[in-house]
Amino acid sequence: MSFELPKLPYDFNALEPHIDARTMEIHHGKHHQAYVTNLNNAIAGTDAENLSIEDICRNISKYPMAVRNNGGGHFNHDLFWKIMKQGGGGAPSGALGEAITSTFGTFDEFKAKFGTAGVTRFGSGWSWLIVTPEKKLVVASTPNQDNPLMDLAEVKGTPVMGLDVWEHAYYLHYQNRRPDYIAAWWNVVNWDEIAGRFQEAMK
Ligand code: MN3
């Protein structure tokens, strides 16, 4: 079995003006495709060919760096495309909204914490909202293409939302202004998808 590039669930221009079509086209078609291709090459002929990407991540310390970088890249981007949508944004309701409020105080305080995790991530990486094994919501960040599923992550848990803060995610439109990209990104967040992942992670 080999991994495949998932189809983007909307058109390249669906997230404009917040994320431009050209960025989406290159990000999905070139960057994510490269992670998939390189992951397949790195696991060819090994037992990892029969594992899910989640199981590979959970045991990532057993694998070479090429699997860590490209397997992380594949999992992270697959999640990233799905937790965005045209006409997204607003604030989460229901159980997720309540959990965010009871954990972080207010939705705005959560946004600030999640955004700061992305702004202050030196170099390339991700900011995350995760459900820990103790079923707590926590904001974390990881370097490069690592993620909180990985057994070597500093803070471990099930990712329910993740924000790509690599320059390739925003440079064409925002250049060095990562905070502006993060501020705009809240307008494309797909809270229904994230609420579903939260519900699943709390089981
Ligand atoms: Mn990326």
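The values are calculated or read from the model by the stated rules, or taken from the named source; none is laboratory data. Just so it is clear, the model here is predicted, and its values are computed rather than measured. Positions of Cβ are backbone-derived with ideal geometry, glycine not excepted, and every protein chain shown enters the neighbour counts. Just the protein is used for accessible areas: all its heavy atoms, side chains included, with ligands, DNA and RNA removed. Shrake-Rupley method; radii C 1.70, N 1.55, O 1.52, S 1.80 Å.
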Worksheet item: Are there any pairs, at least 6 apart or on different chains, whose C-beta atoms fall under 6 Å, with the first in the stretch 67-78 and touching a residue at least 24 places away in the same chain (Cβ under 8 Å) and the second within 12 Å of the ligand (Cβ to nearest atom) and assigned to a helix (DSSP H, G or I), and if so, which?
Response: Asn70/Tyr35; Gly73/Tyr35; His74/Tyr35; His77/His32
Worksheet item: Mind checking which residues of the stretch 13-37 are open to solvent by 70 Å² or more (accessible area, probe 1.4 Å) and within 15 Å of the ligand (Cβ to nearest atom)?
Response: Arg22, Glu25, Lys30
Item to complete: Within the stretch 38-60, work out how many residues are within 17 Å of Asn76 (Cα to Cα), touching a residue at least 24 places away in the same chain (Cβ under 8 Å) and away from the ligand (no atom under 15 Å from the Cβ).
Response: 7
Worksheet item: What is the one condition in (1) in a helix (DSSP H, G or I); (2) within 14 Å of the ligand (Cβ to nearest atom); (3) crowded, with 22+ Cβ neighbours inside 10 Å; (4) not basic (Lys, Arg) that Phe198 does not satisfy?
Response: (2)
Worksheet entry | Filter result for the condition that a residue is open to solvent by 10 Å² or more (accessible area, probe 1.4 Å), within 23 Å of Asp180 (Cβ to Cβ) and within 16 Å of the ligand (Cβ to nearest atom), over Gly162, Gly123, Gly118 | Gly123
Worksheet item: Picking from Val139, Val119, which residue would you name as being of a type in the set (Val, Ile, Thr) and under 14 Å from the mean Cα position of the chain (by Cα)?
Response: Val139
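Mind listing whichever residues of the stretch 99-110 are within 22 Å of the chain's Cα centre (by Cα) and open to solvent by 60 Å² or more (accessible area, probe 1.4 Å)?
Residues satisfying the conditions are Thr101, Thr103, Asp108, Glu109.
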Discussion item. Can you tell me which residue is farthest from the chain's Cα centre (by Cα) among those in the stretch 61-79 that are within 16 Å of the ligand (Cβ to nearest atom) and either farther than 18 Å from Thr142 by Cβ or among the hydrophobic types (A, V, I, L, M, F, W, C) (or both)?
Written reply: Phe75
Worksheet item: Which one is surrounded by the fewest Cβ atoms within 10 Å (Cβ to Cβ), of the residues in the stretch 137-159 that are away from the ligand (no atom under 14 Å from the Cβ) and of a type in the set (Ser, Thr, Tyr)?
Response: Thr158
